[in-house]
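To keep things clear, I will list the structure first and then write my remarks on it.
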Amino acid sequence: QVQLVESGGGLVQAGGSLTLSCAASGDTFSTYAMGWIRQAPGKEREFVAGITRRDGTLNYADSVKGRFTISRDDAKNTVYLQMSSLKPEDTARYYCAARPRLMAATSLNDYTYWGQGTQVTVSS
């Protein structure tokens, strides 16, 4: 079992940047594929980015490609989401999630453990 705590959210102007962190504790972090998922007000949760364990293969939602970067530091038990060129439509609560598999998943049901989320608000 793994516990996840996100941080780094806040208020930023459109075009700005923000880096989210997700600290893991409990089980061996390096055995989990990790993902970032967001939920905007009145909308369903949607996959944002994923990173596999080991070689760190990445995948992204089309809406964030070229603007967001997911990375992980297994020595620090932390996964990051670097966000740049932020848009008002990126406003959402951002969650990190873990699955005890090699590959990250785009389906939210494939993630076993979730954090409480951190709010990101992008003003126009």
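The values are calculated or read from the model by the stated rules, or taken from the named source; none is laboratory data. Just so we're clear, the structure is a prediction, and the values are computed from it rather than from any experiment. Heads up, the Cβs are rebuilt from the backbone with ideal geometry, glycines too, and the neighbour counts pull from every protein chain shown. Accessible surface is based on the protein model in full, side chains and every heavy atom, while ligands, DNA and RNA are left aside. Shrake-Rupley method; radii C 1.70, N 1.55, O 1.52, S 1.80 Å.
The share of C-alpha pairs in the chain whose separation exceeds 17 Å stands at 50 percent. Considering every alpha-carbon pair of the range 50-106, the percent of pairs per 10 Å bin, from zero through the bin containing the longest distance, is 20, 55, 23, 2. Straight-distance candidates among the aspartates and glutamates for linking to LYS65, with alpha-carbon spacing under 18 Å and chain neighbours fewer than 8 residues away dropped: GLU46, GLU89, ASP90. Under a 10 Å cutoff between Cα atoms, tell me which one of GLY42, GLY66, GLY26 has the largest fluctuation in the Gaussian network model of the chain. Checking each option, the largest mean-square fluctuation is seen for GLY42.
The trypsin sites (Lys or Arg not before Pro) of the range 35-82 that DSSP puts in a loop, and whose beta carbon has at most 12 other beta carbons within 10 Å, are LYS43, ARG54, LYS65, LYS76.
Excluding VAL48 itself, calculate the net charge of residues whose Cβ lies under 14 Å from the Cβ of VAL48, where each Lys or Arg counts +1 and each Asp or Glu counts -1. Please report the intermediate quantities before stating the final value.
Details: positive: ARG38, LYS43, ARG45, LYS65, ARG67, LYS87, ARG93; negative: GLU6, GLU44, GLU46, ASP62, GLU89, ASP90.
In short, +1.
The residues of the chain expose, per residue, 50 Å² of accessible area to a 1.4 Å probe.
Relative contact order, whole percent, for the range 2-88 stands at 33, derived from Cα pairs under 8 Å and 6 or more residues apart.
Computed as a quarter of the hull surface, the mean projected area of the alpha carbon convex hull for the range 13-80 stands at 5.6 nm².
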